[in-house]
């Protein structure tokens, strides 16, 4: 592809840098995939579409990689898991940072940063659970739990579906560049096995979430001392007066996180009871086995009855943004929660769909009846309300989609030698650097990302960039005319500044 207008010089240099790094990753045996610029979605630059079944198209072939990365500017992704031999351990929250500092220290393994995240690469080994991805949740004491704050995301790629991470020198949707930490690039260090302390953190949460208690990756594995300590404060610090409450809280969390079938499985319950007895023996003074059994059976029976009655353990958090975001938390959802909008909240049929798509849970047949009757009112009234990130405002989201759309099109020179626009043009750059595009095409992309967005919302966002609503008609090479919106070089610079959050 020929790139000939002024602003594309740096674009061409960046494209060469991405190609060089992609080839370097391939030499290391890391399977590479092209990703849309300022995006995380695999993208085929040859047919100009998002790449379906990308897992079957990853490559270490330099010829194929050069075909992908020798044209328009792209991001580069690497497939994780056994195929490339690496996993990605990421954090982007204060809790995650503290966990990594505590459990990883200054381990010498390839490390890079993106917008707000830090990524560390480790070797694949047989100790890891056979899943693609999991994000641990922790309580105020940084112990794994099922309704806490996000901590560490383990991108493993070991579950069969495939998982990829965007690697340097790609550009994040926020416009921040992915960068290797000085002295911790793949040329400086090689991936090491995941330290046991961090593996314990992962396995503890995975066991909780999968409903197999606080054992290892299978329900018949006992918890290690490190796992018990991560799950709960040191049992020796639990003294008389706190023992029953502490044990009841522990059993309650355990019951909430167990799968329904596990709640009725005799072997699983016996294993968990024995483990709880061993923990209670460390209390000061130790709790008698009979007391442990009484607390355990009471709470487990209550949870069995609650689920049999079709009750929900849902908890809603309303994030005050524009528009508001509704987080529905439940131990039964695959990631601990689903995220929906106001339209979903008022339509139980849409909630059922989102529970299946995001949470991988099929809701009971009478869910819609319960939701309309009293469940929705109770949950909304009892919802926790928090202030959201201002960068999640409607206009910011719209502008971020516009930025991605422009980034994909700035390498397309849409005029011939006489400066006439190609008749097949839908978007691209004029010789003076102005980006032209069809309003309806962009509106479709925006509404896909942000449900409920209207043409008025998009017009208001474009107005900030100096895009006029009624541009003149543009004559095309075949003699026909078409109306394109126009984003000038100044508008493009303003867009870059506004989306740098």
message: From the gyration tensor of the Cα coordinates in the stretch 8-185, what semi-axes in whole Å does the equivalent ellipsoid have, largest first, with each one equal to sqrt(5λ)?
response: 29, 18, 15
- request: In vacuum, with every alpha carbon of the chain counted as one equal point scatterer, what does the Debye formula give for log10 I(q)/I(0) at q = 0.06, 0.07 Å⁻¹? Two decimals, please.
  value: -0.35, -0.48
- line: Taking R0 as 25 Å and r as the Cβ-Cβ distance between residue 350 and residue 470, the FRET efficiency 1/(1 + (r/R0)^6), rounded to the nearest 0.05, comes to 0.10
- request: Express in nm, to one decimal, how much length is gained between residue 161 and residue 115 on full extension, taking 0.36 nm for each residue of separation and deducting their alpha carbon distance.
  value: 14.0 nm
message: Multiplying the sequence separation of residue 361 and residue 270 by 0.36 nm and subtracting their Cα-Cα distance, what value in nm do you get?
response: 30.1 nm
task: Apply 1/(1 + (r/R0)^6) to the Cβ-Cβ distance of residue 497 and residue 322, taking R0 = 22 Å, and write down the FRET efficiency to the nearest 0.05.
output: 0.60
query: For the chain, what is the calculated [θ] at 222 nm in deg cm²/dmol (nearest 500), taking -39500 (n - 2.57) for each run of four or more DSSP H residues and dividing by its residue count?
result: -11000 deg cm²/dmol
- request: Compute the acute angle (0 to 90°) between the alpha-carbon long axis of helix 394-409 and the principal axis of greatest extent of the alpha-carbon atoms of the chain; round to the nearest 10°.
  value: 50 degrees
statement: With R₀ set to 22 angstrom, the calculated FRET efficiency between the beta-carbons of residue 53 and residue 456, to the nearest 0.05, is 0.05
field: With Cα atoms, 0 to 90° folded angle of helix 196-210 axis to the chain main axis
entry: 80 degrees
task: For helix 489-498, report the angle its Cα long axis makes with the longest principal axis of the Cα atoms of the chain; keep it between 0 and 90° and round to the nearest 10°.
output: 10 degrees
message: From Cα pairs below 8 angstrom and at least 6 apart in sequence, can you work out the relative contact order of the chain, rounded to a whole percent?
response: 11 percent
query: Extension gain residue 282-residue 40, at 0.36 nm per residue separation less the Cα-Cα distance, in nm?
result: 82.4 nm
- line: With the 8 Å Cα cutoff and a minimum separation of six or more residues, the stretch 315-388 has a relative contact order in percent of 36 percent
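Computed from the coordinates by the stated procedures, all read-outs in this text should not be read as laboratory data. Bear in mind the structure is a predicted one, so any value in this text is a computation, not a measurement. Every residue, glycine as well, gets a Cβ built from its backbone with ideal geometry; the counts of neighbours run over all protein chains shown.
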